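All remarks here apply to the structure that follows.
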Ligand code: PEP
Ligand code: MG
């Protein structure tokens with residue numbers, strides 16, 4: 001019985017017009033990757049890599065990162081995955097990096113900003129992803145968090161291409177990402193997605209952060225929790241702009257914030273033209289059911 005329910009949930013969502021909507025899961029560990037498959041997710045739309053770095057005095061090296069990623073990929077049975085590069089700073093402080101909470105706070109050097117300022121950290125992780133991608137049947141896409149401008153997206157692309165060239169020269173087994181993307185979490189990025197789309201293959205909207213930046217209320221502060229409103233008019237006008245910009249730029253658009261896990265909201269996002277939703281594994285079955293014609 002459980003297998004039947006699982007198989008039903010695993011069927012893809014196809015809209016009456018023939019458009020397929022990817023319903024994927026956000027995961028951060030092997031256990032969550034398994035849960036995603038069991039929940040019937042079409043893949044992983046956001047692999048948060050920070051957890052693999054927690055509780056460590058030093059950052060893990062390339063080999064260890066590659067092995068950790070390979071273990072997550074193995075749990076996916078060939079389903080596609082989007083790996084996100086390290087999203088440090090803001091609400092995600094890693095002891096190994098000893099980051100200053102203001103300089104690396106929500107408006108500071110976080111996400112890709114940190115990666116570009118600390119090239120060795122980013123390079124090591126990207127090499128690990130490319131190496132792990134060589135030994136899996138899953139399509140492995142790669143995306144960067146907290147991007148504001150197209151030149152940052154280009155710098156990210158350069159890092160990935162350079163890592164591929166290095167591995168090639170070393171004779172190592174590697175695979176380039178099936179697609180390269182950036183998260184849209186900053187209002188300036190949301191309103192100029194067409195500029196990002198000229199550089200990347202897809203964008204994934206991180207509404208958890210996008211909402212906090214639009215309403216200027218930190219996502220972690222109970223004092224301003226009442227202002228943190230994902231249903232705000234400004235949020236939905238911005239989402240409309242993102243989809244329109246992605247269409248103009250010819251790139252795919254996903255939403256991977258918590259918003260996507262609510263069935264009614266998910267339907268609203270799909271009506272806007274979003275191609276893919278990614279959410280906590282527990283939300284997958286209900287969202288798929290709500291989206292089916
Ligand atoms: C987001 O900001 O919406 C997101 C998906 O990323 P995180 O919650 O990890 O910041
Ligand atoms: Mg975020």
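The values are calculated or read from the model by the stated rules, or taken from the named source; none is laboratory data. Keep in mind that this is a model prediction, so the values were computed, not measured. Quick reminder, even Gly has a Cβ in these numbers, built from the backbone with ideal geometry, and neighbours come from all protein chains shown.
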Study note, to complete from the structure: Selection from the range 107-134 of residues out of contact with any helix residue (DSSP H, G or I) (no Cβ under 7 Å at 6 or more places or on another chain) and within 16 Å of ligand 2 (Cβ to nearest atom) yields 107, 108, 110, 111, 113, 114
Practice item. Please give the helices (runs of 4 or more DSSP H) falling wholly within the range 141-219 in which 3 or more residues are under 19 Å from the mean Cα position of the chain (by Cα) and within 26 Å of residue 230 (Cα to Cα). Key: 187-190, 193-197, 207-215
Check your understanding: On the given criteria, is residue 254 within 20 Å of residue 28 (Cα to Cα), away from ligand 1 (no atom under 16 Å from the Cβ) and crowded, with 18+ Cβ neighbours inside 10 Å?
Key -> no
Point to revise | Residue tally, condition buried (at least 23 other Cβ atoms within 10 Å of the Cβ), outside any strand (DSSP E or B) and in contact with a helix residue (DSSP H, G or I) (Cβ under 6 Å, 6 or more places away or on another chain), over the range 262-279 | key: 1
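Is it fair to say residue 241 is in a helix (DSSP H, G or I), within 13 Å of ligand 2 (Cβ to nearest atom) and at pLDDT 95 or above? Outline the logic, then answer.
Numbers: in a helix (DSSP H, G or I): yes; within 13 Å of ligand 2 (Cβ to nearest atom): no; at pLDDT 95 or above: yes.
For residue 241, the condition - in a helix (DSSP H, G or I), within 13 Å of ligand 2 (Cβ to nearest atom) and at pLDDT 95 or above - is not met.
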Check your understanding: Taking the range 107-120 as the region of interest, how many residues are assigned to a loop (DSSP other than H, G, I, E, B), surrounded by fewer than 19 Cβ atoms within 10 Å (Cβ to Cβ) and in contact (Cβ under 8 Å) with a residue 12 or more places away in the chain?
Key -> 1
Practice item. Output yes when any residue across the range 137-144 is under 23 Å from residue 54 (Cα atoms) and surrounded by fewer than 19 Cβ atoms within 10 Å (Cβ to Cβ), and no when none is. Key: no
Practice item. State whether one or more residues within the range 280-291 are closer than 16 Å to residue 46 by Cβ, within 12 Å of ligand 1 (Cβ to nearest atom) and either touching a helix residue (DSSP H, G or I) at 6+ places or on another chain (Cβ under 9 Å) or assigned to a helix (DSSP H, G or I) (or both). Key: yes
Exercise for review: Among the residues of the range 187-213, count how many are crowded, with 23+ Cβ neighbours inside 10 Å and more than 15 Å from ligand 2 (Cβ to nearest atom).
Suggested key: 4
Review point. Which residue, of 79, 70, is on the phi < 0 side of the Ramachandran plot, out of contact with any strand residue (DSSP E or B) (no Cβ under 8 Å at 6 or more places or on another chain) and away from ligand 2 (no atom under 14 Å from the Cβ)?
Key: 70
Review point. Only one of (1) more than 12 Å from ligand 1 (Cβ to nearest atom); (2) under 23 Å from residue 89 (Cα atoms); (3) buried (at least 18 other Cβ atoms within 10 Å of the Cβ) is not met by residue 216, so which one is it?
Key: (3)
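Has the range 229-237 got at least one residue that is outside any loop (DSSP other than H, G, I, E, B), in contact with a strand residue (DSSP E or B) (Cβ under 8 Å, 6 or more places away or on another chain), modelled with pLDDT of 95 or more and within 16 Å of ligand 1 (Cβ to nearest atom)?
From the range 229-237, those outside any loop (DSSP other than H, G, I, E, B) are 233-237; that's our starting set.
Now restrict to residues that are in contact with a strand residue (DSSP E or B) (Cβ under 8 Å, 6 or more places away or on another chain): none.
No, the range 229-237 contains no residue that is outside any loop (DSSP other than H, G, I, E, B), in contact with a strand residue (DSSP E or B) (Cβ under 8 Å, 6 or more places away or on another chain), modelled with pLDDT of 95 or more and within 16 Å of ligand 1 (Cβ to nearest atom).
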